[in-house]
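To start, the structure itself, in structure tokens.
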Amino acid sequence: MDEKAMQSRLPERDRPWVMRTYAGHSSAAATNALFRRNLAKGQTGLSVAFDLPTQTGYDPDDELAAGEVGRVGVPVAHLGDARALFDGIPLAEMNTSMTINAPAMWLLALYAAVGMEQGGAPEMFAGTTQNDIVKEYLSRGTYIFPPAASLRLTADVIAHTVVHMPKWNPVNICSYHLQEAGATPVQEVGFALATAVAVLDAVRDSGQVPEERLGDVVQRISFFVNAGVRFVEEMAKMRAFAALWDEITRDRYGVTDAKQRRFRYGVQVNSLGLTEAQPENNIQRIVLEMLGVTLSRNARARAVQLPAWNEALGLPRPWDQQWSLRMQQVLAFESDLLEYPDLFDGSHVVEALVASIKDGARIELEKILELGGVVAAVETGYLKSALVASLAERRRRMEDGSDVVVGVNRFVETEPSPLTAAGAEAVEQVDPAVEAAGVASVRQWRAARDASAVDAALARLSADAADPTVNLMPATLECVRAGVTTGEWAGALRGVFGEYRAPTGLSGNPGGGGDPSLVAVRNRVRQTAQELGSGRLRLLVGKPGLDGHSNGAEQIAVRARDAGFEVIYQGIRLTAAQIVAAAVEEDVDLVGLSVLSGSHLAAVPAVLDGLRAAGRPDLPVVVGGIIPVSDAEQLRAAGVARVFTPKDFALTGIMDELVTVVRAANGLAV
């Protein structure tokens, strides 16, 4: 290499980003073993996935937790579970990301308690609590409390960590799920920055942090983003994100230290963009998506976690996670990426793309601020409606072939994949006994603790919550030490703050109006209604259990409405009894259940049993979700009329099939 080329290189190679795999399932002990194996393989940080009961503030023995314990993450019901989760892992030396939002304060208190029991000091603990509740109202659905109360909890965590845990990132503004819910790059940047402004305003206005220390708050705010397969656009998005964050924190909040204004983010590349069809293609998708957040040195991720090739099929095995970790290690240690300055400085193409995204994101941000801020934009349904409309447009482009998805809507001819030849063994299986063990464990924990200490701690938490001037972290730490459970902590705050039902975003959003085949389906819907002697066919779209990923259900509801169905959709987190009651009261012709958490073998039969008990065994039920072939066979044997999985991407075709189901159930010619 000549001298000029040598001068273009960095004086010394950059340090790699923190490498994580998103992990957690079954039990604290099983997840601890997985953590240890991954760390031994060269992973440099932990990323904890919690199960849905933990994320939504329920104990394993709660009615709403049935079928969900240990399925999409690890259950953590009390301090004993937290001890087991991090057993033998020195938290004072670890960097841990916890994907937790509504109960972020609670899980941080548990983490800090375990770390201090190990002999560490709070000021030594490094890591991140996601703690971004706004995107939960818009896409992921694990919210508990109303927006204002939730922002108070976020602000309290930030104020506590700035003083007591200065290395901790108390909030991780998360645009990841916004992209999954349909956000364009412009919307992703604009909406996420609106959330960041709301968080900073809440901290500033709470009076808990002196104005001169606002820069300390800013430097601990991190972001968690999504990276899709359009990696050039994704790279430009990250450069735009960084530039706008620097601008906002300087101009709106007066932070003069450029280091404090630096845009710090972690990333998981697009899990929902992975395909069930030809899943081996997901490997190259993951690699390309990783490049979008690593190629540009000036906007490079601080931490990266990659999904596994088989996440569209089920829970990845340790080997699958290892494969994804090795992708990061090959890029970081074998390639020369970390030896050079930013590769795109001075590129007219990149500069124009970045400027376009910045301009569009500024407009989105200003629009949200004019509405009264991100909380008002959530409560009015503006943000949710915008995302549902964007996702409907994305689906339309995929269905008409404008957007090519290899192996799904083009190049579908394929050889059998040896990767999936093992059938159910190609993904991790959660032992059904896990839930029973979790129920027994939490009951044993309650029986062994000092009940008076628990009562006193919960009484203090409720009293402090009723006073908006009191930081709730000290009372939460007292609850941890007293042995309070996750469900009890959240229950006490529910008693003060209440619960919240977010807007569904369906009103006024067209789905497949440009699809000519929809005309034929509309005619079938109209004809079937006439033959049945009803005004319109009525479809109930239900989300049983704690699964809050509602994007698919919402798109089905939108397309069904466009096809001429009258749609009843009451949102997420419904019990089987609530779904059955709605089906009977609304006198629907068809029930469609959406389950993405893997709890379908528990949730769906509960609805079927409920319909039989209500005298409606004739009412047809269809199911959609990430459902293995063997599970689909069980559901059909139990009485489900159809099972749809991610490979069934053509929504209008699904609508046609729904009409066929209704006709068959009523003895009409199909």
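Taken together, the values in this text are just the output of simple stated rules run on the coordinates, not laboratory data. The structure presented is a predicted model; accordingly, all values stated were derived computationally and were not measured. Positions of Cβ are generated from backbone atoms using ideal geometry, with glycine treated the same way; all protein chains shown enter the neighbour counts.
What is the percent of Cα-Cα separations in the stretch 193-330 that go past 19 Å? Walk me through the intermediate numbers first.
Numbers: 5271 of 9453 pairs.
Everything past 19 Å amounts to 56 percent.
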How many nm separate the modelled label positions at ALA520 and LYS41, each set 7 Å beyond the Cα in the direction of the Cβ? 4.7
Just how far, in whole angstrom, is the stretch 328-362 from the stretch 27-85 if you go by their alpha carbon centroids? 36
In whole angstrom, how long is each semi-axis of the equivalent ellipsoid of the stretch 352-418, when you take the square root of 5 times every eigenvalue of its Cα gyration tensor and sort them from largest down? 36, 16, 10
Per-residue ellipticity at 222 nm attributable to helices in the chain (runs of n ≥ 4 DSSP H, -39500 (n - 2.57) apiece, nearest 500 deg cm²/dmol) works out to -15000 deg cm²/dmol
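How much length is gained on full extension from VAL470 to ALA121, taking 0.36 nm per residue of separation minus their Cα-Cα distance? Don't skip to the end; give the middle numbers.
Working: separation 349, 0.36 × 349 = 125.64 nm, distance 2.40 nm.
Result for the pair: 123.2 nm of gain on full extension.
Report Rg(Cα)/(2.2 N^0.38 Å) for the stretch 118-200, keeping two decimals.
On the way: Rg = 14.1 Å, N = 83, 2.2 N^0.38 = 11.8 Å.
In units of the globular-protein estimate, the stretch 118-200 measures up at 1.20.
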How much length is gained if the chain between GLN570 and LEU419 is pulled fully straight, taking 0.36 nm per residue apart and subtracting their Cα-Cα distance, in nm to one decimal? 50.5 nm
Please give every one of the aspartates and glutamates within straight-line cross-link reach of LYS358, meaning a C-alpha to C-alpha distance under 14 Å, and leave out same-chain neighbours fewer than 8 residues apart. GLU188, GLU233, GLU234, ASP246, GLU247, GLU366
Counted charge near LEU369, where neighbours are those whose Cβ lies closer than 14 Å (Asp, Glu -1; Lys, Arg +1): -2
Can you give the Kirkwood hydrodynamic radius of the chain from its Cα pairs, in Å with one decimal? 25.9
When the C-alpha atoms of the stretch 61-144 are aligned to their principal axes, what extent does each axis show, in angstrom, from largest down? 37, 28, 16
Can you return the lysines within cross-link range of LYS167? Criterion is Cα-Cα under 18 Å, with same-chain partners fewer than 8 residues away left out. LYS259
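For an R0 of 25 angstrom, estimate the FRET efficiency from the Cβ-Cβ distance between ARG481 and ALA440 and round to the nearest 0.05.
Details: r = 24 Å, r/R0 = 0.94.
Computed FRET efficiency for ARG481 and ALA440: 0.60.
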How big is the Rg/Rh ratio for the stretch 24-90, C-alpha atoms only, Rh by Kirkwood, two decimals? 1.00
Partner lysines for LYS41 [C-alpha distance under 25 Å; skip if fewer than 8 residues away on the same chain]: none
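With r as the distance between the Cβ atoms of TRP319 and ALA29 and R0 = 30 Å, compute the FRET efficiency 1/(1 + (r/R0)^6) and round to 0.05.
On the way: r = 20 Å, r/R0 = 0.67.
The pair ALA29/TRP319 has a calculated efficiency of 0.90.
Can I get the semi-axes of the stretch 450-495's equivalent ellipsoid? Compute them from the C-alpha gyration tensor as square roots of 5 times the eigenvalues, in angstrom, largest first. Could you put the intermediate results ahead of the total?
Values: eigenvalues 52, 23, 16 Å².
One finds semi-axes of 16, 11, 9 Å for the stretch 450-495.
So if the hydrodynamic radius of the stretch 2-124 is defined as the Kirkwood radius over C-alpha pairs, what does Stokes-Einstein give as its diffusion coefficient at 37 °C and 0.692 mPa s, in µm² per second? Each step should come with its number before you reach the end.
Values: Rh = 15.9 Å.
Once the numbers are plugged in, D ends up at 207 µm²/s.
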Using only the Cα atoms of the stretch 369-456, what are the Rg and Dmax in Å? 25.0, 66
Name the residue from VAL134, LEU91, TRP106 whose Cα lies farthest towards the positive end of the charge dipole of the stretch 50-147, charges +1 on Cβ of Lys and Arg and -1 on Cβ of Asp and Glu. VAL134
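Quick check for me: using +1 on Lys/Arg Cβ and -1 on Asp/Glu Cβ, what's the dipole size of the stretch 500-616 about its Cα centre, in debye to the nearest 20?
Details: 12 positive and 11 negative charges, 15 e Å.
Here the size comes out at about 80 debye.
How big is the convex hull of the Cα atoms of the stretch 521-570, per residue, in Å³? Write down the numbers at each step before the final one.
Numbers: hull volume 3.4 nm³, N = 50.
It is 68 Å³ per residue.
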Values of log10 I(q)/I(0), in the order q = 0.12 Å⁻¹, for the stretch 554-647 under a Debye, Cα-only, solvent-free model: -0.35
What nm distance separates the two modelled labels at ALA376 and ASP345, each placed 7 Å from Cα along Cα→Cβ? 4.1
